[in-house]
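No value in this document is a laboratory result; all are computed from the given coordinates. What you see is a predicted model; the values in this text were computed from it and never measured. Heads up, the Cβs are rebuilt from the backbone with ideal geometry, glycines too, and the neighbour counts pull from every protein chain shown.
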Amino acid sequence: MTYPTAFSIELGETITASLANRLSFTGELKDSRAFICDGDDDCNAPLTCANFKTTKNERKNNPYFTEGARKANNHSESCSYLVKKSNSSNTNKETSSQVKQSKKLKLILGKDGFKKPQPRKQTHNTLSPQSNSSLTATYSVNSNGDKERKYSKSHVKTLRTLVEVFQSGEYDLDNTKLETLDSLSLNELFHSLDTPSTLSYQFRVYFGQAKIFEKDPDKPYYIVEFTKAHNYSNPTENGDIEDYPSFAVSKYQIHKNYPWSKQYINSTDTFTCFVSWFPTTNKGKKKTFINFEKVTPENYLFQK
Ligand SMILES: [Zn+2]
């Protein structure tokens, strides 16, 4: 059996196999066996990422998760993969997207969206290393002194992973609900700014084509501006306004995290921008504008 996503022990969140492949080259992931099933909070079935550190030319198939040689059936009773598997033996074969239909994703958000990832804890207890060394790092000891093998499946902790899930084609976007955020579906959470819409003070992942420019060489920030105008319904303040949503980003962060974006600065070329935040309105000198105020670097993402 193959699995499109798995919980990465090294990252502490659920990721797709294609992201695991990419992160193997950045060094953020080191062990192709440091994955467990994400079919259920209680399921800890070990999984291996096949074609973990391979380039397109080196492999026949795209990366995927599998039990590999570890055939033992370690899934929990309530694991959604097991449930689906036993159902599907009576009916036709199901696609991976159907498997994911009933799934709920949990986003780990602070009141201001995604938080800065904490440095990952290395072995933090005195347990002797297990034979499966990839799992020892997250073993902990419970109050009875027993080692606990239960992982908290925090699912999605970063905007990068959320975008990856959204773009992977492995989730049913209308039926995959978010456990946080009032059970919105992925399609409800992601709000396209490429077609005119009405915005309000709501946390969503806003995305679309944007450009970046320097407003003032003496200031430490650039402005990112989406290319389509939107309305903001603002009955109490200034009435409805229309504007191109924008936000400020630190020059330092952009140079560090998106060196490729250099050629876009002050150019009319656009790139895809995601921002997980609250749109609001602000009064400038000449007009009222729509912006995302004080966005932290964890809450925006650029894609070429
Ligand atoms: Zn499982």
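Residues of the stretch 1-28 falling in the label zone of Arg59, defined by backbone nitrogen less than 17 Å from a point 7 Å along Cα to beta-carbon, are 1-9, 15-28.
A simple rule links phi to the HN-Hα coupling: the Karplus curve 6.51 cos²θ - 1.76 cosθ + 1.60 with θ = phi - 60°, which for the stretch 261-270 gives 6, 3, 5, 8, 5, 6, 10, 8, 5, 10 Hz, with x for Gly and Pro. Sequence gap at least 6, Cα distance under 8 Å: using those rules, report the relative contact order of the stretch 193-303 to the nearest whole percent. RCO, the stretch 193-303: 31 percent. Give me, ordered by chain and number, the residues 5 or more places off Thr180 or on other chains with an amide H under 5 Å from its own placed amide H. Counting only residues 5 or more places away or on other chains, the set is Leu107.
Approximating the spin labels as points 7 Å out from Cα along Cα→Cβ, the Glu179-to-Glu28 distance works out to 2.2 nm.
Using the Karplus relation 6.51 cos²θ - 1.76 cosθ + 1.60 with θ = phi - 60°, the per-residue 3J(HN,Hα) values for the stretch 20-35 come to 4, 4, 5, 6, 5, 7, 7, x, 5, 10, 10, 10, 5, 9, 8, 9 Hz, with x marking Gly and Pro.
If you take the square roots of the eigenvalues of the alpha-carbon gyration tensor of the stretch 193-303 and sort them as a ≥ b ≥ c, do you get rounded (a/c under 1.5), prolate (a/b over b/c) or oblate? Since a/c reaches 1.5 and a/b is larger than b/c, the shape of the stretch 193-303 is classed as prolate. Extension gain for Ser78 to Lys256 (0.36 nm times residue separation, less C-alpha to C-alpha distance): 59.7 nm. Placing a pseudo-label 7 Å from each Cα along the Cα-to-Cβ vector at Thr270 and Tyr201 gives an inter-label distance of 2.9 nm.
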